[in-house]
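What follows is calculated from the coordinates using simple rules that are stated; it is not laboratory data. The structure presented is a predicted model; accordingly, all values stated were derived computationally and were not measured. Neighbour counts are summed over all protein chains in view; Cβ atoms, including those assigned to glycine, are modelled from backbone coordinates with ideal geometry.
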Amino acid sequence: MVVKTVRGTSDILPCNVDTWQALELVSRNLLEAYDYKEIRTPVFEQAGLFQKSVGESTDIVSKEMYVFSDKKGRELALRPEGTASIVRSFIEHNMHTQTLPVKLYYIGPFFRYERPQAGRTRQFHQVGAEAIGVEDVRLDAEIIDIAVQIPSKMGIKNLKVMLNSIGCKECRPKYIKQLLGHLKNKIKNLCADCNRRYSTNPLRILDCKKPECIQNVKDGPTITENLCAKCRNKLETVERYIKYLDIDYQIQPYLVRGLDYYTGVIFEITHSQLGAQNVVAAGGRYDNLIEQMGGRPTPAVGFAAGIERMIMLLAHRNFQSNNSVCLAYLDFSMDERVFKFLAELRQNGIHTKTTYQEKTLKNQLKTAAKSNCKFSLILGANELLKGTVILRNMKTSTQEEIMMDNAVTIIKKKFPLGGFRGM
Ligand SMILES: [Zn+2]
Ligand SMILES: [Zn+2]
């Protein structure tokens, strides 16, 4: 039997990787411009980390987490999300002693055992950021701004920003009491999950997608109407700041998040073309989590965006760079001068394709024409003797003879700035 990828996972093949790399580059550049530094935490942690932070009663921890014992019997989990590990790291490395806020970002794989469907895989990738240590609504607005900017900079349009507040330690318990009161006589009408949520995690009944649950929730009290003055004020201030940034948004009174650690303002960014799994990015404030995880009381806000979902929305776009040259050479053998010239081009960051097989010059030029190269460099016997090379523009078919020694400088001038990977 041929071994294949595990259900819910897939290879990101070279033919698709340009979009991934473009998205990662845009994300990094943007996050660094907003003064976030990358953090890389392990992909597996003690299972208890997620039980304590994301919450035992959440779907993520109770149903979807990959938990396993290692050879010493330690209970470990593949990380199902990013924030818990960053909070662990913040506490473990005493980052509260650094200049606050500590601004961190990550890009990487996460794992959840869910039924695979479009936009939902068991290994998925997220880019996310956390601003830890300062309670300031401008950071909430900044996080929302970045979460909008990343897909926007990639050319994704028609994003919908939905905003809500799930209140604080003061107003949330009061609201939950009201909600439970409202649903008390309707429990039998709710779906099986919501029957469980009624006693374990009632806020999540609000964002259940089952029609029977929507029906029973919609004439009840909303948390947005029942916020305390402080929470109301914070929500309104975040609204004011994102208006300054010209971000279109809606207040969505049934918006809650599937993780227990959120407090206060939360948001989701959706796209209608994605179908059932329509959330591109989401996040919000989690002011109690660090204390709850054993650190000192520390406010924080963050977001995560789904890379696969953004890639789905970019499927029609081509991010392939054509800043490459093809080197074609005569005589069926790679002369040492040709080999050295090839290395020189590449050492100078020029993306150079060539053949390592015995092919005629004509054949090599045919391959070059098909290969999306901007230029061909043609080295025949005459050119080698003179120390020259023919530089042919593949689009216009015009060509010029240049000195091999000047080739790097001349080619670099012909490519737009920044067209070279890492050079
Ligand atoms: Zn409140
Ligand atoms: Zn339900």
Using +1 at the C-beta of Lys and Arg and -1 at the C-beta of Asp and Glu, which of 102, 17, 187 has the Cα lying farthest in the positive direction of the dipole of the chain? 187
Linear extension gain, residue 191 paired with residue 395, 0.36 nm per residue minus alpha-carbon span: 67.3 nm
Among the lysines, which have Cα under 27 Å from the Cα of residue 353 when same-chain residues fewer than 8 positions away are ignored? 340, 362, 366, 370, 374, 386, 395, 412, 413, 414
Fully extended contour minus Cα-Cα distance, from residue 316 to residue 372, at 0.36 nm per residue: 18.4 nm
Relative to the first principal axis of the alpha-carbon coordinates of the chain, what is the inclination of helix 83-92, with its axis defined by its Cα atoms, in degrees from 0 to 90 and to the nearest 10? 90
If amide H atoms are modeled at 1.01 Å from N in the peptide plane, then the residues at a separation of 5 or more from residue 167, or on another chain, having amide H under 5 Å from its own are 264
Under a 5 Å amide H to amide H cut-off, with H placed in plane at 1.01 Å, what residues pair with residue 388 once short-range neighbours are removed? 404
On each of the three principal axes of the Cα atoms of the stretch 331-417, give max minus min coordinate, whole Å, ordered largest first. 34, 27, 22
Through the Karplus equation 6.51 cos²θ - 1.76 cosθ + 1.60, θ set to phi - 60°, convert the phi angles of the stretch 147-155 into ³J(HN,Hα) values in whole Hz; use x for Gly and Pro. 5, 7, 5, 4, x, 5, 4, 7, x
Paired Rg and Dmax values of the stretch 140-283, which use every Cα atom, in angstrom: 15.8, 48
Residue exposure sequence - 367, 388 - by fewest surrounding Cβ within 10 Å: 367, 388
Note to self, the chain gives a 222 nm [θ] from helices alone (DSSP H runs n ≥ 4, -39500 (n - 2.57) apiece, / all residues, nearest 500) of -10000 deg cm²/dmol
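Classify the stretch 1-90 as rounded, prolate or oblate, taking a ≥ b ≥ c as the square roots of the eigenvalues of its Cα gyration tensor: rounded when a/c is under 1.5, otherwise prolate if a/b is larger than b/c and oblate if not.
oblate
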Greater than 18 Å apart at Cα, pairs in 37/103; 52/234; 174/230: 52/234
Give the Rg (one decimal place) followed by the Dmax (whole number) of the chain, computed from C-alpha coordinates and expressed in Å. 27.3, 93
Derived scalar couplings ³J(HN,Hα) [the stretch 253-259; Karplus, 6.51 cos²θ - 1.76 cosθ + 1.60; whole Hz; x for Gly, Pro]: x, 9, 6, 9, 10, x, 10
Under 19 Å Cα-Cα from residue 188, which lysines qualify once same-chain neighbours fewer than 8 residues away are excluded? 177, 209, 210, 218
For residue 71, list the aspartates and glutamates whose Cα falls under 17 Å from its own Cα; do not include residues on the same chain fewer than 8 positions away. 45
Ranked by Cβ crowding within 10 angstrom, fewest neighbours first, how are 326, 168 ordered? 168, 326
Euclidean distance of C-alpha centroids, the stretch 346-371 and the stretch 103-173, integer Å: 43
Taking Cα atoms, how many degrees apart are the long axis of helix 171-183 and the longest axis of the chain, rounded to 10 and kept between 0 and 90? 70
Please give the helix 336-347 orientation as an angle from the longest Cα principal axis of the chain, in degrees from 0 to 90, rounded to the nearest 10. 30
Checking the stretch 332-419 for trypsin sites (Lys or Arg not before Pro) in a loop per DSSP with at most 13 other beta-carbon atoms within 10 Å yields 395
Using the Karplus curve 6.51 cos²θ - 1.76 cosθ + 1.60 with θ = phi - 60°, work out ³J(HN,Hα) for each residue of the stretch 112-129 in order, rounded to whole Hz, and write x for Gly and Pro. 9, 7, 10, 6, x, 7, 4, x, 9, 10, 7, 10, 9, 10, 9, 10, x, 8
